[in-house]
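I have placed the structure first, in the form of structure tokens, so that the comments after it can refer back to it.
The values are calculated or read from the model by the stated rules, or taken from the named source; none is laboratory data. Every value quoted in this text rests on a predicted model; they were computed, and no experiment measured them. Cβ placement follows ideal geometry from the backbone for every residue including glycine, while neighbour counts extend to all protein chains displayed.
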Amino acid sequence: MIIWVLYDIKNDSARNFVSKACKHAGLYRVQYSCFLGTLNSNEKDSLELQIEKVINEDTDKIYIFRMNKEQLNECTMMGQAFDEKLVTDEVKALFF
């Protein structure tokens, strides 16, 4: 399944941890606090548990969305959509 992870985390070390956890899970950074990629259910659950351990539930916001390829293809993207410095060609291929 395609996974989007979006977050707003105040603490620098927690934010860095979440960023590294997303990268380690195989997700691609499409914006500074937004990752996209394909994970199976177990990988998604594992990532959620890792994130849950480091965030402050009173101040931080984390959104994890599931999406299928059809839904992704229906998304409207305007302008540059992704910063090319943050995205590899592999992510761009998902949209064609």
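So which of Lys23, Lys85, Lys92, Lys44 is part of a helix (DSSP H, G or I) and modelled with pLDDT under 90?
Working: Lys23 fails: modelled with pLDDT under 90; Lys85 fails: part of a helix (DSSP H, G or I); Lys44 fails: modelled with pLDDT under 90.
That would be Lys92, the only listed residue that is part of a helix (DSSP H, G or I) and modelled with pLDDT under 90.
Each residue in segment 1-58 was checked for being within 14 Å of the chain's Cα centre (by Cα) and among the charged types (D, E, K, R), and 9 of them qualify.
Please go through segment 49-79 and pick out each residue that is under 14 Å from Arg15 (Cα atoms) and assigned to a helix (DSSP H, G or I). Give the steps one after another, and end with the answer.
Our first condition is that a residue be under 14 Å from Arg15 (Cα atoms); within segment 49-79, this holds for 50-57, 59-63.
Listed by number, the residues that qualify are Gln50, Ile51, Glu52, Lys53, Val54.
Take the residues in segment 5-26 that are basic (Lys, Arg) and surrounded by 13 or more Cβ atoms within 10 Å (Cβ to Cβ); name whichever of them is nearest to Thr38 (Cα to Cα). Applying the filter and picking the extreme gives Lys23.
The residue pairs whose first member lies in segment 51-68 and is of a type in the set (Asp, Glu), whose second member is in a strand (DSSP E or B), and whose beta carbons are closer than 8 Å, counting only pairs six or more residues apart or on different chains, are Asp60/Tyr7; Asp60/Asp8. Only one entry of Ile2, Ile64 meets the criterion of being surrounded by fewer than 18 Cβ atoms within 10 Å (Cβ to Cβ), in contact with a strand residue (DSSP E or B) (Cβ under 8 Å, 6 or more places away or on another chain), on the phi < 0 side of the Ramachandran plot and modelled with pLDDT under 95, and that entry is Ile2.
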